[in-house]
Amino acid sequence: MAFADRQLNELVLFDVDGTLSLARQSASTEMLNLLKELRKKAAIGFVGGSNLVKITEQLGSNAINEFDFAFAENGLTAYRLGQELQSQSFIKHVGEENYKKLVNFILHYVADMDIPIKRGTFVEFRNGMINVSPIGRNATITERNEFEAYDKQHQLRATFIKALQEKFASYGLTYSIGGQISFDVFPTGWDKTYALRHVEKEGFDKIHFFGDKTYKGGNDYEIYTDPRVVGHSVTNPDDTQRILKELFFKTL
Ligand code: M1P
């Protein structure tokens, strides 16, 4: 259905983890059905920090067609009505030599970390960013929860980030803790507001954004506070549903 046929000339964008689904888990059928109904009223899109493979595991293998806009890696991988849009890449921006220095430092730092358990994939190389995890991305859900609690106590990720900020100050990078076991590293400005470049020219009357990490330092903060957007801060996917029903489905 063309945007012009929707009841409202508005776009509703959603963060994924903690907003449409629990962290790294699938969105509920109830949530997906509500989004289907919402799409009849307004254009909808997701803006996730994760890569597209992970997001489609959570939102369904056909997610790029079930949302009008699909933005993975903060919009560095982007689709409009199922068609891929042009994007930039982290490695081109940073350069091979600089990247090598960065990743070598990270791997040494992880090797020296004394934490209860380690798994595998400590650096995930993505199109628009790298993702760094002291425990490793292969951790199970239980191991994730345990690491998150341990990190709350010991501030491992915050300390790691501080070391990187000092060592690589000249790189112009932003470090963002968006999930439970890792942090994202991307060129400054390539936060979730990057996705807005892809929708600006569509001329929507209003762009909503729903996210759970809307506090300063959270990976939804920049887009949530962007003047082009009406931000909605949620506590979990149930809260997202409650606000959506209130805003778009209230019968008078
Ligand atoms: O979408 C939020 C974050 O989700 C994952 O974080 P973690 O594995 O630490 O829970 C990652 O995909 C991360 O890139 C992303 O920002």
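Among the residues of the stretch 229-252, write down those that are free of Cβ contacts under 8 Å to residues at least 40 places away in the same chain and in contact with a helix residue (DSSP H, G or I) (Cβ under 6 Å, 6 or more places away or on another chain).
Hits for the stretch 229-252 are Gly231, His232.
Matching residues to (1) more than 13 Å from the ligand (Cβ to nearest atom); (2) in contact with a His (Cβ under 7 Å, 6 or more places away or on another chain); (3) of a type in the set (Asp, Glu):
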{"position": "Gly45", "(1), (2), (3)": "yes, no, no"}
{"position": "Ser50", "(1), (2), (3)": "no, no, no"}
{"position": "Glu57", "(1), (2), (3)": "no, no, yes"}
{"position": "Glu84", "(1), (2), (3)": "yes, no, yes"}
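Restricting the search to the stretch 129-146, which residues are outside any loop (DSSP other than H, G, I, E, B) and under 25 Å from Leu173 (Cα atoms)?
Across the stretch 129-146, the qualifying residues are Ile130, Asn131, Val132.
Among (1) part of a loop (DSSP other than H, G, I, E, B); (2) modelled with pLDDT of 95 or more, which single condition is Val185 missing?
The number of the failed condition is (1).
Take the residues of the stretch 6-35 that are charged (D, E, K, R) and within 16 Å of the ligand (Cβ to nearest atom): which is modelled with the highest pLDDT?
Filtering the stretch 6-35 for residues that are charged (D, E, K, R) and within 16 Å of the ligand (Cβ to nearest atom), the one modelled with the highest pLDDT comes out as Asp15.
Answer yes or no as to whether Ile177 is at pLDDT below 95, among the β-branched types (Val, Ile, Thr) and under 30 Å from Phe105 (Cβ atoms).
Taking the combined requirement at face value, the residue satisfies it.
When you check Tyr224 against the structure, is it within 16 Å of the ligand (Cβ to nearest atom) and without any contact (Cβ under 8 Å) to a residue 60 or more places away in the chain, yes or no?
Spelling it out, Tyr224 is indeed within 16 Å of the ligand (Cβ to nearest atom) and without any contact (Cβ under 8 Å) to a residue 60 or more places away in the chain.
For the stretch 165-181, which residues satisfy the criterion of being within 11 Å of the ligand (Cβ to nearest atom) and either out of contact with any strand residue (DSSP E or B) (no Cβ under 8 Å at 6 or more places or on another chain) or not in a strand (DSSP E or B) (or both)?
Ile177, Gly178, Gly179, Gln180, Ile181
Looking at Phe209, Phe186, Phe147, which one is touching a residue at least 60 places away in the same chain (Cβ under 8 Å), within 12 Å of the ligand (Cβ to nearest atom) and of a type outside the set (Ser, Thr, Tyr)?
Going through Phe209, Phe186, Phe147 in turn, just one is touching a residue at least 60 places away in the same chain (Cβ under 8 Å), within 12 Å of the ligand (Cβ to nearest atom) and of a type outside the set (Ser, Thr, Tyr): Phe186.
On the given criteria, is Leu38 within 16 Å of the ligand (Cβ to nearest atom) and either under 23 Å from Tyr224 (Cα atoms) or surrounded by 23 or more Cβ atoms within 10 Å (Cβ to Cβ) (or both)?
In short, no.
The values are calculated or read from the model by the stated rules, or taken from the named source; none is laboratory data. Nothing here was measured: the structure is a model prediction, and the numbers come from that model. Cβ coordinates were reconstructed from backbone atoms using ideal geometry, including for glycine residues, and neighbour counts include every protein chain displayed.
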